[in-house]
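Worksheet for the structure shown next.
Bear in mind that the values in this text are calculations on the coordinates, not laboratory data. All of these numbers come straight from a predicted model, not from anything done at the bench. Positions of Cβ are backbone-derived with ideal geometry, glycine not excepted, and every protein chain shown enters the neighbour counts.
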Amino acid sequence: MAKLTILSLALCGLLAIVFSGPTKVNNVYEAPPCDVDACQLPSCRCSSQTPPGNLIGPNVPQMVFLTFDDAITVSNHPFYEEVLFNRINQNGAKIAATFFITHEYSNYSLVHDLWARGHDIALHSITHVSDTGYWANLNESMWRAEIVAQKQQLSTFASVPLAYIKGVRAPFLQVGGNPMYSALVGGGFEWDCSRPTQNQRIPGLWPYTNDYASTQDCQIPTCPDEAFPGFWTFPMIDLIGDDQFPCAMVDECTPVPMTQAATYNLLMRNFENQYNGNRAPFGVFTHAAWLVGPADRPEFAQRKAGYIQFLDEILAMPNVYIVGISQAMEWMKTPTGTADIDTFVPWLDDPNRVRACPFPRNCRYENSTWERFMSSCIPCPPEYPWVHNPQGTNLHYDD
């Protein structure tokens, strides 16, 4: 019995070491605590659970983010058309979702269509490598290759002006610490939405800039700890599943809802935590694959029905607006109360989104081991665009 006790204690000690995570190394460049007198909008905001602009209660518009990760394809675009395209906010403008685009398998003519319809186009990497260790250990140069180069890549093939591509979500929410944020700031990005928060759910954590140290919990190390002035973090406030476990992405909530009612209840219960609280932005962060599936799997249709029911109901509630994260950033810079929100220009339809993809090209590439397809708004590049070759080379296209 004594041997077993000693062995058990040793094993517990070993497990504690294994699961305690990496030891934090002191950073001489670490950002200082926020100076509330020096940090003022529109360029700076401390991390806080207090709404900006001295707004309180029902005078705070409830922002809702609908985000979708990964490639835009002919398989999921009809879902977006059905569920998003004909919905209107209470100011008379179309709602806007935020799409975090991966390069591989994306149909760029459909990306252009989403942008032209007023949706927020953001980035999610060129390769979307499935190994989270790859992203956790990526250096600044490779973050530039994966994300900064993707900005010009998407702008080129989807005919989306560079000025409209402002934000990023790290693949698998694996934030890359200071190297990632340094690459994003250097690449002209303005915001990131990759960091879940569990400790600041109720009241919810509002978006903040990275001029000073953040109070946000770091659920997926390594998080940035240096100062990146004017660069915004939009926290992903965790949802709570029916089993009471937190989930940053709704498609990770457990148990997975299998009916319309279960889906609606999951979303509405978590939404009300913010709407009846400090009205921090509420996000439904997901993948289309959670809502789109084969006809012989009725749970997909049930989840979609619950998602639609949720959207119908919140859009009928007072002072609720479904906006893109880039639109929300503009509101954070100039907080506007509900009495004046209907004339807030960044939330109105944008007349400058002119269609510029009249003749999409269907591109095909292959070698001895793989085959790739890409729909482009410009003539196909001669080689399949990829990391370190984001634009392609030589002449080889099918138009």
- prompt: If you take all C-alpha pairs in the chain, what percent of them are over 29 Å apart?
  reply: 46 percent
query: Fewest to most neighbouring Cβ within 10 Å: what's the order for Val168, Val354?
result: Val354, Val168
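List the relative contact order of the chain as a percent without decimals, with contacts defined as Cα pairs under 8 Å and 6+ residues apart.
Details: 788 pairs, mean separation 90.8, N = 399.
Dividing the mean separation by the residue count of the chain yields 23 percent.
Among Phe157, Phe359, Phe245, what is the fewest-to-most ranking by other Cβ atoms within 10 Å?
Working: Phe157 30, Phe359 9, Phe245 13.
In increasing order of surrounding Cβ atoms, one gets Phe359, Phe245, Phe157.
Which of Lys333, Lys166 comes first, and how do the rest follow, when ranked by fewest Cβ neighbours within 10 Å?
Listed from fewest to most nearby Cβ atoms, that is Lys333, Lys166.
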query: So which helices of the chain fit the span-like rule, where a helix is a whole DSSP H run, its Cα atoms reach 20 Å or more along the axis, and its mean Kyte-Doolittle is at least -1.0?
result: 2-19, 260-275, 298-315
